[in-house]
Each structure stands twice: as structure tokens, then as C-alpha cells.
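S.K.: Encoded as C-alpha cells, here's the structure I'll be asking about.
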Amino acid sequence: MIKAIRVPERAFSITMWVLSFIFAGFLVGLGGLVIDDLPRVDHPVEIGQFVDQKAAAEIEASRAAAALQRDAIQRQIDIAEPVRQSAQNDYGAKREAFDNWIKTREATTDSKQDPEVISRTRDLDALNDRVRAQEKIVEGLTADQAGIERKVTDLDQRRSALENAASSTFQGALFKQDLEVFLYRLLFTLPLLVIAGWMVKTKRKSAYWPLMRGFGLFALYAFFFQLVPYLPSYGGYIRYIVGIGLTIIASHYLIKWMQHYLANRVVAEQKAEVERKQSIRYEDALKKMSANVCPGCERPIATTGDVLADYCVHCGMQLFDNCKSCATRKLAFFRYCMSCGTTAEAGKTEADTGGVTA
Ligand SMILES: [Zn+2]
Ligand SMILES: [Zn+2]
């Protein structure tokens, strides 16, 4: 690729881009502080503000009472359960002792021990009764607890029903709040976008363009990160409508630009070759030739077979010529012959022309 841009110019261009980004970075920081100071919603709307307050308070009170009851029963269970466990253990131990004793008795079959069998069995029964009694206490408490859980579930359902009833008013208030936040942000972002758009349109050739470009980057950042995420959705309607609107506007300008471009090309192609060549910037001509595009009509350079394309087949512009001094084939846009250094104007040397300014 043939580059016509001077090396320091290239470095300068990169430095200026860096400068644009640094400038944009500082502006983004400052903009962030300003956004933070914008009027905010101190008390975001909640569904609780829109339900039937009296009914909600009743439900809340019942729920608190139920929670207290549940805690009290849990404490009772915590006390009863170890007692039941201990009775169970006692019974288990006694039962084991009895079983062992009865085995010994069967081995000896001593009939004099019958009254003791009866007595020991009675003891075991009494212990078993105690275990059952404790189990019943725990079971009763557990049943009470289940009853309270059901009551809490009912209360929660009533609470949900209240919230459902308030839902549409709440959604309306939420939308209003979102809209307010968005409008504040729009008030901040819109002027930035307008100024940036004006700069892009009119100040591109300005020596201070790198700073303005930084401002443009900042405006884009503000648009995409400080405004778009806060666009109220309202069930997706607004986003889609705004998207459709922006697409139509962008298409309109693109179509206009294309029509303008094509009209310009038609006019340019009708001019005389010398005039056309003069209107093309030296750097642009070399860049387009490197990309195999005709600098005159911006169509791809075409040829057939092995014939070297000296002229554009579309607009007739001469792309390659031969040095008048040494006959080397060269780009018609080169100012000097790369082989002998003769200027493009026939027979003259650099000294004669006094050099060509960029
Ligand atoms: Zn052409
Ligand atoms: Zn030459």
C-alpha cells in the first residue's frame, strides 16, 4: 500500500485520537458527577403504598400474632420433646432388662417366679403409658403448629390478593416515576447530543476537531449509558417505538447522503480530466489506487486478460502513464518518477518547478 501521509503526521493523528479519548474520559467523569446531583427519586414507589391500608394493617397484625403463637408453641415443643425422649429411653432400658430376665426364667422354668413376671410387666406397662402420654403432648403441639402455618398461608394469600387489586394503580405510579427520572436525564443529555451533532456537521475541518471529537465521544457515552438504560419500558412499547423512530431518521439521512453523493459523482465525472484530477486530493488518490479503486469515479479498477489497466474503463480517467523522460510505467498521480525523479510535468525537473506543495 502506498501511503502519502507524512510519518510525523501519522503520529500526530494517533496522539490526537488518544487526546480525544482522554478528554472524553474527563468529560464522562464530570458528567457522572452532574448526573449524580440531578434531582432523584428519594422515595421510590412501592406496591405497599397502593393497597387497602386498613385491610393490610389487619393482615399484618394477625400475621404478627400468629408468629408469636408459633414461637410460643415451638418453645413448648422444645421443652416437651426432651421429656418424651427421656421416657422413651427409660422404657427401652427397662424393656431390655426385662427381656434378659425372662430369658433366664424360661431357662430355669421356675414357677415360683410368676408373680414377679406380673409385677415387672406392670412396671413396663406404666413406663409405656408415660411414653405415650409424652408423645401425645408433642403430637398435639405439632398439630397446633400446623394449624398456625395454615393460618399464615391464608393471610399471605389475602395479602397477595390485596396487592393484585392495587397492581394497576401501582404500575401507573411506577411508570410516572420512571418517566420523571428519564426526563431529567434527557434534559442533561439532549443538549450534549445536539452540540455534538452540530460539531460533527460543521467543525470537522477545524484545527480543534480532536477536542470536539472527544466531546462527541462523551455525548455518545452519555446517550448509551446515561439515557438509554433509563428509557421507560411500559411493556416494551416505548422502546420499540423509539427504536422504529431512530431507524427511520437514520435511514432518511443515509438515503439523502447517498443521493447527494451520487449526484456529486455524476457532476464530477462530466468535468474535464485535468479539472477532475485537480479536485482529487493527492493522499486520497494514492489511497484509492492502493485499494484498486479509481480515484475519479470510485469504482473498482477493471481490465480483461493480461492488459495492464492504464485507464479507468468506467470514467476514462488515466490511472497509469509513462515517465516522459525514462518511459517507466508509473501511477499517473505520482508527482515525480520513482525511477529518474523527473516531475510529472513533461521534461521539467524539480528545480524547474520549484517543488510541488502538498
Ligand atoms: Zn473511473
Ligand atoms: Zn522517469
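S.K.: Here is a check on your reading of the model: is Met338 of a type in the set (A, V, I, L, M, F, W, C), more than 16 Å from ligand 1 (Cβ to nearest atom) and modelled with pLDDT of 90 or more?
M.R.: The answer is yes for Met338.
S.K.: Looking only at region 152-175, count how many residues are surrounded by fewer than 15 Cβ atoms within 10 Å (Cβ to Cβ) and either without any contact (Cβ under 8 Å) to a residue 40 or more places away in the chain or in contact with a Lys or Arg (Cβ under 9 Å, 6 or more places away or on another chain) (or both).
M.R.: Count: 9.
S.K.: Sticking with this one: With (1) surrounded by 13 or more Cβ atoms within 10 Å (Cβ to Cβ); (2) farther than 26 Å from Lys287 by Cα as the list, and Ala4 as the residue in question, which single condition is left unmet?
M.R.: It fails just one condition, (2).
S.K.: For region 341-353, what are the residues that are assigned to a loop (DSSP other than H, G, I, E, B), surrounded by fewer than 16 Cβ atoms within 10 Å (Cβ to Cβ) and modelled with pLDDT under 90? Give the steps one after another, and end with the answer.
M.R.: Of the residues in region 341-353, the ones assigned to a loop (DSSP other than H, G, I, E, B) are 341-342, 344-349.
With the extra rule that they be surrounded by fewer than 16 Cβ atoms within 10 Å (Cβ to Cβ), the set shrinks to 341, 345-349.
Matches in region 341-353: Glu345, Ala346, Gly347, Lys348, Thr349.
S.K.: Shifting gears a bit: Given the condition surrounded by 10 or more Cβ atoms within 10 Å (Cβ to Cβ) and within 30 Å of Leu27 (Cα to Cα), answer yes or no: does some residue in region 276-290 qualify?
M.R.: Within region 276-290, not a single residue is surrounded by 10 or more Cβ atoms within 10 Å (Cβ to Cβ) and within 30 Å of Leu27 (Cα to Cα).
S.K.: Further, regarding this structure: Filter region 256-291 down to residues that are closer than 20 Å to Ile5 by Cβ, among the hydroxyl-bearing types (Ser, Thr, Tyr) and either within 15 Å of ligand 1 (Cβ to nearest atom) or without any contact (Cβ under 8 Å) to a residue 60 or more places away in the chain (or both), then give me how many there are.
M.R.: So the answer is 1.
S.K.: Being at pLDDT below 90, among the hydroxyl-bearing types (Ser, Thr, Tyr), closer than 19 Å to Leu30 by Cα and surrounded by 12 or more Cβ atoms within 10 Å (Cβ to Cβ): is that true of Tyr184 here?
M.R.: yes
S.K.: Oh, and also: Could you please give the count of residues in region 301-325 that are away from ligand 2 (no atom under 16 Å from the Cβ), free of Cβ contacts under 8 Å to residues at least 24 places away in the same chain and either surrounded by 15 or more Cβ atoms within 10 Å (Cβ to Cβ) or not charged (D, E, K, R) (or both)?
M.R.: 12
S.K.: Are any of the residues in region 292-300 surrounded by 13 or more Cβ atoms within 10 Å (Cβ to Cβ), among the charged types (D, E, K, R), under 19 Å from Lys3 (Cα atoms) and within 11 Å of ligand 1 (Cβ to nearest atom)?
M.R.: yes
The values are calculated or read from the model by the stated rules, or taken from the named source; none is laboratory data. Just so it is clear, the structure is predicted and the values come from calculations on it, not from any experiment. For neighbour counting, all protein chains shown are included, and Cβ atoms are generated from backbone atoms with ideal geometry for every residue, glycine included.
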